[in-house]
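What follows is one structure encoded as structure tokens, with my remarks underneath.
The values are calculated or read from the model by the stated rules, or taken from the named source; none is laboratory data. Being a predicted model, the structure only gives us computed values, none of them experimental. So basically every Cβ, Gly included, is an ideal-geometry build from the backbone, and we count neighbours across all protein chains shown.
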Amino acid sequence: MKHLIVYAHPNPDSFNHAILETMVRALKQKGHEITVRDLYGLNFSPVLKPQDTAAMKAGQTPQDIKIEQDYIAQADVITFIYPIWWTGMPAILKGYVDRVFAYGFAYAYGAQGIDKLLTGKKGFIINTHGTPKDIYDQIGMTAGLKVTSDTGILEFTGIEPVDHLLFGSVPSAGEAALKDMLKQVEDKVSSLF
């Protein structure tokens, strides 16, 4: 399978980076083809500009958007790895979705409603956050995050969400807890793919 991992964390020493390394290693062990798009490393511009939409309407997709769309088009599985900041994804990733998952590429409006143009692909999301998981579960934040990303982005464009891992209390978790989280990532990747 061809895997595209869209990674969004500015610190190369972060736990998110350890998740990325764990996932890449687990996929390589099973012989999968992997492409990682590190949005901070790429210095990806997250700002959707009027000239971007005008160019896409004219059939002249800006090069930085076209490159990312080509990676998505070639992928069987798209994984997003990112921290939850202020109850959402980092701005660089939100901008990636705004610019890359564009009308005419990821979705369109047809006679029957929404045409889901990325149908046939699978999606997987891994998030970290500082709040304890049981608090996020109790206040509905976990469910809300899943609805906005799994349903609002993946399903809306036809991508089948296969799982969504959310790890809480990451900054205060001890070494054993963090190792357990990485083991969960490895086990999940092995069972899903």
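Of note:
- For the stretch 122-163, filtering for residues that are within 17 Å of PHE101 (Cβ to Cβ) and either of a type in the set (D, E, K, R) or surrounded by 17 or more Cβ atoms within 10 Å (Cβ to Cβ) (or both) leaves 13.
- Residue list for the stretch 74-102, restricted to those being surrounded by fewer than 17 Cβ atoms within 10 Å (Cβ to Cβ), more than 13 Å from the chain's Cα centre (by Cα) and farther than 14 Å from LEU154 by Cα: GLN74, TRP85, TRP86, THR87
- Scan of the stretch 68-116 for residues that are of a type in the set (A, V, I, L, M), touching a helix residue (DSSP H, G or I) at 6+ places or on another chain (Cβ under 9 Å) and part of a helix (DSSP H, G or I), ordered by number: ILE72, VAL97, VAL100
- Pair list, Cβ < 6 Å and 6+ apart or interchain, from the stretch 54-74 residues that are closer than 15 Å to TYR107 by Cα to residues that are assigned to a loop (DSSP other than H, G, I, E, B): MET56/ALA102; GLN69/PHE105
- Answer residue from the stretch 167-181, given it is surrounded by fewer than 18 Cβ atoms within 10 Å (Cβ to Cβ) and of a type outside the set (Gly, Ala, Ser) and is farthest from the chain's Cα centre (by Cα) among those: GLU175
- SER169 out of contact with any helix residue (DSSP H, G or I) (no Cβ under 9 Å at 6 or more places or on another chain) and either of a type outside the set (A, V, I, L, M, F, W, C) or at pLDDT 95 or above (or both): no
- Every test in (1) surrounded by fewer than 17 Cβ atoms within 10 Å (Cβ to Cβ); (2) outside any loop (DSSP other than H, G, I, E, B) is passed by THR119 save one, and that test is (2).
- Flag if GLU21 is in a helix (DSSP H, G or I), free of Cβ contacts under 8 Å to residues at least 40 places away in the same chain and under 30 Å from LYS133 (Cα atoms): yes
- Of the set (1) under 17 Å from the mean Cα position of the chain (by Cα); (2) in contact (Cβ under 8 Å) with a residue 24 or more places away in the chain, all apply to MET141 but (1).
- Selection status of LEU4, in contact with a helix residue (DSSP H, G or I) (Cβ under 9 Å, 6 or more places away or on another chain), buried (at least 19 other Cβ atoms within 10 Å of the Cβ) and among the aliphatic types (A, V, I, L, M): yes
- Considering only residues in the stretch 161-193 that are of a type in the set (Asp, Glu) and free of Cβ contacts under 8 Å to residues at least 40 places away in the same chain, the one that is nearest to GLN74 (Cα to Cα) turns out to be ASP163.
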